Structure formats: C-alpha cells, structure tokens
1. About its Cα centre, what dipole magnitude does the range 11-374 give when the only charges are +1 on Lys and Arg Cβ and -1 on Asp and Glu Cβ, stated in debye to the nearest 20?
2. GNM, the chain, Cα, under 10 Å: largest mean-square fluctuation among VAL316, VAL67, VAL16?
3. Taking 26 Å as the cut-off for C-alpha to C-alpha distance, list the pairs among LYS64/LYS133; LYS306/LYS359; LYS45/LYS195; LYS45/LYS252 that go past it.
4. When we measure straight from the Cα of LYS293, which aspartates and glutamates land under 18 angstrom away, once same-chain ones fewer than 8 places off are left out?
5. Hey, rough spin-label estimate for THR258 and ASP346, points 7 angstrom out along Cα→Cβ, what's it come to in nanometres?
6. How many angstrom lie between the Cα centre of the range 98-118 and the Cα centre of the range 283-299?
7. Give me Rg over Rh for the range 291-337, both radii from the alpha carbons and Rh done the Kirkwood way, two decimal places.
8. When the expected Rg is taken as 2.2 N^0.38 Å, what fraction or multiple of it is the alpha-carbon Rg of the range 11-374?
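All of the numbers you see were taken from the coordinates with simple rules; none came from a lab. Not measured: the values here are computed from a predicted model. Counting neighbours? That spans all protein chains shown, and the Cβs are built from the backbone with ideal geometry, glycine included.
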Amino acid sequence: MTNALNVDQPVSTQRVWSMLMADAAIARYVPEAALWHYEHGLLLKSIEQVWHATGQVKYWHFIKDIVESFVAADGSIRTYRTEEYNLDQINPGKLLFTLWYATGDERYRAAAQRLRQQLQFQPRTQSGGFWHKLIYPFQMWLDGIYMAAPFYAEYALRFEEPAGFDDLARQIMLIEQHTRDPQTGLLYHAWDESKQQRWANPDTGCSPHFWGRAMGWYAMALVDVLDYLPAEHAARPAIVGILNRLIEAVLKVQDSATGLWYQVLDQGTRAGNYLEASASCMFVYAIAKAVRKCYIPIEHLACAQKGYHGIVARFVRLDDRGLANLDGTCAVAGLGGMPYRDGSYDYYIHEPIATNDYKGVGAFILAAVEIEQAAQ
C-alpha cells in the first residue's frame, strides 16, 4: 500500500510520522528476541526522542522494560561480552544514562562503568584510534565513531572525566584525517593502518568507496557528541569544522530530483546503484539537528526538508493494519570477515535490501522528530 499521509500537512498532523513509526516499531518488537546490540540501541534511542517530544509515557515504559531486562543488579549485561572489544556493543549504553537519571537505580551506573572499562582497554592503532573490533585489527571504521563516541562523551560529562573528551575528540579527528578524500570531501568507509587488508588501498589504507550509511553514522556521531562536549573544549571548533566540511560534501551528492542519497554516494548514475533509506534518514537527522544547534548555515535546513519529503514519498507506507513501514534499507554492509567483503562497488550494490530494518527505522524516527520540531 502507499502511504496515506501528506508530508505537507501542518505540524500538528505531521507529528504523526515520528509517532506512527515508533508505534509500529513497538508493535512489531519481540522482546524475547532482543539483543544488547547497536541496532536495538538505535531504535530505542530514537523512541526516547519521541518520548521527549510528546511526553507520552508509553514510550518511556517501553524503553525501560527492554533495558531493564538486560541489566542485572550488579551491572552485568545480558548478551554483552567485553572480551569481543566490539565498539558496536557500546552504542546501547547511551540508554543507561536515561534509566539511571530517571530511576536512581545504581545498576545502570554500574553497567555504564562496565562499558567504559571496555573503552579503557579497547585495542588501538599506533596513532591511538580504537580498532572497530578485536577481530578487525588496526582498522578504524566510520561506523565505530557513532557506536562509541556519543556514549563516551556523555560518560565523560556525567563522571567528570575530562581526559575522555580529549580521547574521543582524537578518535573523531583521526578518522577524518585518514579517510577524507581531498577532491570530493567525502569519507571512505574505513581505514586499515597496517594496509594489509585486501580491501585497503596500498598507499592510503582506505577502503575503495564512499558508502552512504558509513558517512551517515559519522554525521550523526558529530551532532550527538557536540551535545556533551564542553563549549570551552579546545577540540570543539575543530569538530564543528569537520561537521561543516562533511555536510558540504554530502549536499553535493544529494539527488536533485528526490532529495535522497545513493548507496554509493558519488556514483548515482552508475548501473546498479540505488537510493537508500537509512543513509538518507541519517543525513536528514544530522543536517536538521546541526541547523537547530547553529553549527551549520540555516539555509541547509531546506535540503534536510527536501530529503525528508523524499524519504516519506519513496520509502514510507502504511500497511493494511495501519502500521508504518520503512522500505529501502541496505540490510548490512561491512569489510573483511567471512565470506570476505571486499568493499567493491559490486559488493555494496548487491547486499540485501530490507523493510523495517532498525538501522533505517531508528534513523527515520530521529529525522522525523527533528523535522517536526523545525516546523513548529
């Protein structure tokens, strides 16, 4: 079915998009199948923003029930394993602060400290960057900045750990230094310091292409980290500068007809490439929030609004039950591993495309909340 709502409706009605998608995600959620996993963390964090925007307690109770089911009295976390040293597993930790503040239950503080301990011992490149995972030696991925840095920033603020701000700023600046293409301003998906991976450029160590969602993760990380990085921190102007450079590069590859972004960002006209939902949602969120926070010029809001309209028109639909659905999300894309993912153009365009994937749904809800707020 096609969607039954008009994105040009007034904001009083438009609020329904963030709520409808959150309500649908809750209706489809299977708690028994839940994992301490970055995708679930993104979805729950987006629903948290709907709670803040609407004040409806049903969203709070959903988040609380899910997170509570993972965290034991001693702060141990079901399905989480420190020894994996996987940055993806840090992302759900952002929810612990919300639970700790709201309930005063010390289990959430202990769980946050457990995740912080992982970062303390996370393997690093020689230049100090976090490995994305223990099984990916000497590799920094754009994805990993989102997975770890916003949690790290809030932890550093709440636990008065100024050295944490210095460290997370180094992560942000280091990966831009190594992955940014000087011609386009776009960032490659990952960087291998050892230059030994088959996917790595032997001269730069970078992966071969600009993958949309990887840059989307990084863009969201920048605007979220700035929520917690002190105004007087020496690295703050540099991070705002990175954000501005990134947004300028991303807007140059925004599809003029639809307002959306392609799976492989700079090759929109190449056979097999396609407009992808999760990256488009992530860019809309990052741009709209950056405008709201006055990090980037206000005229960029129109680009975010155009992207949002394109997302709703192309990817969002209501089914026969009245539940909102999001089509068009690349289900997964990575580098290395087994079977080996070589980062080629052919690889990126042939990964499965999914409906209601949390990476897309969570990013859509975040984008919807921002666009709805901008329209008020």
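1. Details: 33 positive and 40 negative charges, 49 e Å.
Using Cβ point charges on Lys, Arg, Asp and Glu, the range 11-374 gives about 240 debye.
2. Highest fluctuation of the listed residues: VAL16.
3. Numbers: LYS64/LYS133 28 Å; LYS306/LYS359 21 Å; LYS45/LYS195 35 Å; LYS45/LYS252 29 Å.
Among LYS64/LYS133; LYS306/LYS359; LYS45/LYS195; LYS45/LYS252, the Cα-Cα distance tops 26 Å for LYS64/LYS133; LYS45/LYS195; LYS45/LYS252.
4. LYS293 reaches GLU154, ASP224, ASP227, GLU232, GLU248, GLU370, GLU372.
5. The two pseudo-label positions are separated by 2.4 nm.
6. 30 Å
7. On the way: Rg = 15.9 Å, Rh = 13.6 Å.
Value, to two decimals: 1.17.
8. Numbers: Rg = 19.2 Å, N = 364, 2.2 N^0.38 = 20.7 Å.
Working it through for the range 11-374, the quotient is 0.93.
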